[in-house]
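Each reported figure results from applying straightforward, stated rules to the coordinates on display, with no laboratory input. All values reported here derive from a predicted model rather than from experimental measurement. Here the Cβ positions follow ideal geometry from the backbone for every residue, glycine too, while neighbour counts run over all protein chains shown.
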């Protein structure tokens, strides 16, 4: 009959062998097959690399036509309005016969009709001067400071400042000047004696 002591010794040997096998690492770990858990942790800890920012294209950098138009409109709205006094165009009453004026010397005094004056030079003012010149009138386009009043002062409504421009016609005497002003279909800005400071 087998005793209890004889059965206990082999049983202890089997349990010890099983425990040793569980603690021994397998060869799969050395081949990388058992490292999936470590890789997962490393991947979770690694910061994500942000995608590269797209390069700005030339079309995106260039201003659109709408933005350019808006900027031009805003600039035009910001500019002060042109102050105008006198006739807008040159026209004589039917049957009027008037002198075509004269070109006074620099520093002289002459009877002058200021056909129109504006706070700054404009295409409309240039067109008025060109119209008079084309019809052979002695018209002058220049700064208001070049034709100073020598008698009756300019009205308070006259534009002032360094940019103010006028179209004028000078005459040999008062009669010719007033006849010319009366023959215009639109009232001129001023009639009187003026000192010519910027004549050639």
Problem set entry | Zone of residue 175's modelled label, taken as backbone nitrogen in segment 98-127 under 13 Å from a point 7 Å along Cα→Cβ | 99
Exercise. So if R0 is 22 Å, what FRET efficiency would residue 186 and residue 106 give, r being the distance between their Cβ atoms, rounded to the nearest 0.05?
Worked result: 0.15
For this session: Using label points projected 7 Å from each Cα along Cα→Cβ, tell me how many nm separate residue 157 and residue 81, to one decimal.
Result: 1.4 nm
Seminar exercise, completed: Proxy exposure order for 175, 120 (fewest C-beta within 10 Å first) is 175, 120
Seminar exercise, completed: Residue separation between residue 150 and residue 66 times 0.36 nm, minus their alpha-carbon distance, gives in nm 25.1 nm
Problem set entry | Pairwise centroid distance, computed over Cα atoms, of segment 104-122 with segment 138-183, Å | 4 Å
Problem set entry | Calculated FRET value between residue 124 and residue 198, using beta carbons and R₀ = 30 Å, to 0.05 | 0.90
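Once the cut-off is 21 Å, how many percent of the Cα-Cα pairs in segment 102-196 end up in the long-distance tail? Working shown, then result.
On the way: 1044 of 4465 pairs.
Here the tail beyond 21 Å accounts for 23 percent of pairs.
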